[in-house]
Amino acid sequence: PPRGTGPARAPGSAPVVGPAAPATPAPCEFLKMPNLVGQTLQLAQDKLQVLGSYVMDQQDAAGLGRIQVLDSNWQVCTQSPAPGKKVPVETVVVLGAVKLSEQCP
């Protein structure tokens, strides 16, 4: 079968042109680091993602090398970059955390 050629038009008339595509806003290139210390690891990640930051490294702040499987069961003890610092969104954010039942070192 023949392929569609778009909307029909009268011979000699100008081609039908749709509205121009809206300009896509440029993504935010920088973010101001929020204070994440004391929050659950899950909430800290959610806050960063809302700001456009998706590059994170999670570490066991107790130095035991544990992997954070259930992020809502861990609390943030340290963060890098520091709160208030303006950084590019592609900056690796390092969050040091311990289990909720533990004290931050």
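No lab work stands behind these numbers, since they all come straight from the coordinates. Worth saying up front: this structure is predicted, and the values here are computed from it rather than measured. Cβ placement follows ideal geometry from the backbone for every residue including glycine, while neighbour counts extend to all protein chains displayed.
The local environment of SER53, defined by Cβ-Cβ distances under 10 Å, has a net charge of 0 under the rule Lys, Arg +1 and Asp, Glu -1.
Over all pairs of different C-alpha atoms in the range 56-105, the reciprocal of the mean inverse distance, the Kirkwood hydrodynamic radius, equals 11.5 Å.
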